[in-house]
Amino acid sequence: MKLYDKPAHVLHEMLAKKEISSVELTNDVFSRLDDVEGDVGAYLLTTREDAMKNAEAVDKKVAAGEEIPFLAGIPGAIKDNICTNGVKTTCASKILENFVPPYDATVMTKLKKNNTVVVGKTNLDEFAMGGSTENSAYHVTHNPWNTDCVPGGSSGGSAAAVASGSAIWALGSDTGGSIRQPASFCGVVGMKPTYGRVSRYGLVAYASSLDQIGPIARDVTDCANILNVIAGHDDMDSTSSAAAVPDYTKSLVENVKGLKIGLPKEYFIDGIDEDVEKAIRTAIDDLKNMGAEVVDISLPHTPYAISTYYLIAPAEAATNLERYDGVSYGERVSGIDVVEMMKNTRTQKFGTEVKRRIMIGNYALSAGYYDAYYLKALKVRTLIQKDYTEAFKTVDVIACPTAPTPAYKIGAMINDPLKMYLQDICTVPINLAGLPGISLPCGFSEKGMPIGLQIIGKPLDEETVIRAAFSYESTHSFAGKIANMGGKDA
Amino acid sequence: MKVSKEDMENVAQLSRLTIADDEAGMYTEQLSHFLDYVENLKSVDTDGVEPTTYALPIENVFRDDEVKASLPRKAALQNAPEEEDGYFKVPRVLEE
C-alpha cells in the first residue's frame, strides 16, 4: 500500500489502529525519497538509521498498547537552520559546513517528546536569505511540479519534500514569507504563526524581530496538529509569547457564516499574474458563497513594505551574523592576525546574497545613514502595523495571494536581486506586523503550477485563520495532492 | 543614489568582508540600485511616529538568580576551529 502520499492525520489513525507500522511507513517514505530525491534535491542530509530506530520504538509502544501522540512515528523533515543535537546544521552555508550543534532547538525537544521520525535536514537559501532556494551553497532544489522551476524559498527544501512525498510534513521558518511562499509554489499548506507563538530557541537567527518557525504540511488539519505540538512559551526565548495555547484542532470546523474577510486592494498589484488573480478572486467568491462577508479594505502603507523589510531584515542580519568570525564555531580561514582571519573566513565562506544583505544592513546602520534608513524604516513599520490594526477593527481575517506569480524558472531572477525582493510584496508586511498567516492551495496556473491563497489573522488568532482555511479546503480538492514526478508514481 | 567607492570600502570594513576588485562594480551598482528603490520611504510622513522594533509588546523577563545546568565545556568547545587548554584559540590580536 502506498503510504507516502497520505496526510499525517490519516497515517496517525492507521498507526493507532495498527493497520500499518511506523517501520512500514518510514520505509515507504524513504523508498519514495530514493525515487524522487535525485530530481528534487530537497535534502542536505538524511538520517535514515535514526529514523528507522525511532520508528521501531513507536511500533513497540503501539504493540504495548500505549496511546501515541499525533506526530509519533510519522516521518517529517526539518529545515537545516533548526539546531539538531548531534546532527549537522549548516544553514546551507559553507561557514557552518561542519557545525554539529551540541543542543536541540526547543521545537526539536518537543518533537522528540512526541516520538516523531525525522527523515533529514532540508535545503534552504543560505541563512534563509532568499525566495527560491537558489542561494544554497550546496545545491539547487527543484519544484516537484516542474523540475525546471524553483520550489520557492527560503524553506524550499521543506516544501519540496512534502510536495514530492519524501516527507509527510516539515518544519520551516518564515522571516518574510519563507514558509508561505514555498508552500504556495509547491502546492502544500504552510503556516507562519504569530511572532512569538513558537520558540525561536535553536533557530539560527536571521532577523530576530521577524523570524518564526512553523509547519509545512499536506493539509490544514496537519498544520493545526503540528502547531499544537510546537506552540507555547519557552523560558529559553524571552520573546516567546506567554499566552495560553488553545487546542488548534478545535478550529477545524467548516463554518465561515458571518466571517468578515477583508480584501486589500494594494495586494492585487500591477504585474500580478493573471492566473493567480483569477484563482484568488474565485476562491474569495467561493468563501462568499459559503456565507462569509467580503469587505474591500485598504492597507495604504503596503507600497512601502518592501523598502521597510529590506532595511530592517538586513540590519538585524548584519548584527546576527557578526558571530561568524571563525572564533568559537563554524569554519575558519587563517590570516596573519585576528582581523585578517575574520575577514578571510567571512569573505570565503559567505555566499553572495548573504554578503549583499550584511552590507546593506551595515550601510543602513552606519553613522550618517542610520536616521535616514534604519530609523525611518522602523517608523514606517509602525504605520504598516497600524494599517492592520485599523483593518482588523472591521474584519476577522484578510485574504490575498501568497505570491504575485506561480513558481518561476530556475535562474530567471538570480542576477537581479531587487526584482527578486519585489516578489515578496504579499508576505513581508505580515512579518513586519507579527501576524499569523497561512498559505493553502487554491488552484493551478495554465501551465499546471500550484497557486496559494493567503489568509492573515489578528495577533495570536491562529484559530480563526485555521477555521477559514479549513472551511475553504474541505470544500475544494486542491489540497493533499502529491506531485507525481513524471510517472515516478508507483 | 550612487554609492561612492569610499562608502563601499567603509561598509565592507564594517562587515569584515574583503571585496575583490572584480566584484566591487557589481556590489556598488546593486547597492546603489537598492538605495534608489528605498528612496520611496522619504515620501512617507513619519513626524511624531514612534519606531517599532518588535511588532508585539515585549517586556523584560526576569528569573530567579539560580545556577542552572549549562553546556559542559567540552561540548561548548566541540565546534571550535582551534582550542587550547579549554579555551578558544585565535591568532595574534595585539602587535608585538
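The values are calculated or read from the model by the stated rules, or taken from the named source; none is laboratory data. For clarity, every value in this text was computed on a predicted model and none was experimentally measured. For neighbour counting, all protein chains shown are included, and Cβ atoms are generated from backbone atoms with ideal geometry for every residue, glycine included.
Within the stretch A:344-385, the set of residues being more than 8 Å from chain B (Cβ to nearest Cβ), under 23 Å from the mean Cα position of the chain (by Cα) and either at pLDDT below 95 or part of a loop (DSSP other than H, G, I, E, B) (or both) comprises A:Gly351 only.
For the stretch A:316-329, the tally of residues that are more than 7 Å from chain B (Cβ to nearest Cβ), surrounded by fewer than 24 Cβ atoms within 10 Å (Cβ to Cβ) and either closer than 18 Å to A:Ala433 by Cα or touching a residue at least 60 places away in the same chain (Cβ under 8 Å) (or both) stands at 2.
Among the residues making up the stretch A:103-154, those that are of a type in the set (Ser, Thr, Tyr), under 30 Å from A:His12 (Cβ atoms) and touching a residue at least 24 places away in the same chain (Cβ under 8 Å) are A:Tyr103, A:Thr106, A:Thr116, A:Thr122, A:Thr133, A:Thr141, A:Ser154.
Among the residues of the stretch B:41-53, are any out of contact with any strand residue (DSSP E or B) (no Cβ under 7 Å at 6 or more places or on another chain), in a helix (DSSP H, G or I), facing chain A (nearest Cβ under 7 Å) and surrounded by 11 or more Cβ atoms within 10 Å (Cβ to Cβ)? Checked the stretch B:41-53: at least one residue is out of contact with any strand residue (DSSP E or B) (no Cβ under 7 Å at 6 or more places or on another chain), in a helix (DSSP H, G or I), facing chain A (nearest Cβ under 7 Å) and surrounded by 11 or more Cβ atoms within 10 Å (Cβ to Cβ).
Would you confirm whether any residue within the stretch A:104-114 is within 20 Å of A:Leu44 (Cα to Cα), at pLDDT 95 or above and polar (S, T, N, Q)? No, there is no match, as no residue in the stretch A:104-114 is within 20 Å of A:Leu44 (Cα to Cα), at pLDDT 95 or above and polar (S, T, N, Q).
For A:Asp286, the test of being part of a loop (DSSP other than H, G, I, E, B), touching a Phe, Trp or Tyr at 6+ places or on another chain (Cβ under 8 Å) and touching a residue at least 40 places away in the same chain (Cβ under 8 Å) is failed.
Picking from residues in the stretch A:158-182 that are under 10 Å from the mean Cα position of the chain (by Cα) and under 23 Å from A:Thr26 (Cα atoms), the one that is surrounded by the most Cβ atoms within 10 Å (Cβ to Cβ) is A:Ser158. Restricted to the stretch B:43-65, and to residues there that are out of contact with any helix residue (DSSP H, G or I) (no Cβ under 8 Å at 6 or more places or on another chain) and modelled with pLDDT of 95 or more, the residue that is farthest from A:Ala243 (Cα to Cα) is B:Ser43. For the stretch A:213-235, the criterion of being over 14 Å from B:Ile58 (Cβ atoms), within 16 Å of the chain's Cα centre (by Cα) and assigned to a loop (DSSP other than H, G, I, E, B) is met by at least one residue. Which of the residues that make up the stretch A:234-258 are away from every other protein chain (no Cβ under 14 Å), among the aliphatic types (A, V, I, L, M) and surrounded by fewer than 20 Cβ atoms within 10 Å (Cβ to Cβ)? Selection gives A:Ala244, A:Val245, A:Val253.
State yes or no: is A:Lys447 more than 13 Å from A:Cys186 (Cα to Cα), in contact with a strand residue (DSSP E or B) (Cβ under 8 Å, 6 or more places away or on another chain) and among the basic types (Lys, Arg)? Judged against the criteria, A:Lys447 is a match. Among the residues of the stretch A:40-58, is there at least one that is within 16 Å of A:Lys112 (Cβ to Cβ), basic (Lys, Arg) and at pLDDT 95 or above? Yes, the stretch A:40-58 has at least one match. Does any residue of the stretch A:400-409 turn out to be part of a loop (DSSP other than H, G, I, E, B), over 30 Å from A:Asp247 (Cβ atoms), touching a Pro at 6+ places or on another chain (Cβ under 6 Å) and more than 10 Å from chain B (Cβ to nearest Cβ)? Taking every residue of the stretch A:400-409 in turn, none turns out to be part of a loop (DSSP other than H, G, I, E, B), over 30 Å from A:Asp247 (Cβ atoms), touching a Pro at 6+ places or on another chain (Cβ under 6 Å) and more than 10 Å from chain B (Cβ to nearest Cβ).
Going residue by residue through the stretch A:332-340, is there one that turns out to be surrounded by 20 or more Cβ atoms within 10 Å (Cβ to Cβ) and more than 10 Å from every other protein chain (Cβ to nearest Cβ)? No, that holds for no residue. Of the residues making up the stretch B:71-91, those that are at the interface with chain A (Cβ under 10 Å from one of its Cβ atoms), loosely packed, with under 11 Cβ neighbours inside 10 Å and assigned to a loop (DSSP other than H, G, I, E, B) number 1. Just checking, does the stretch A:36-43 include any residue being under 30 Å from A:Tyr310 (Cβ atoms) and within 14 Å of chain B (Cβ to nearest Cβ)? No, that holds for no residue.
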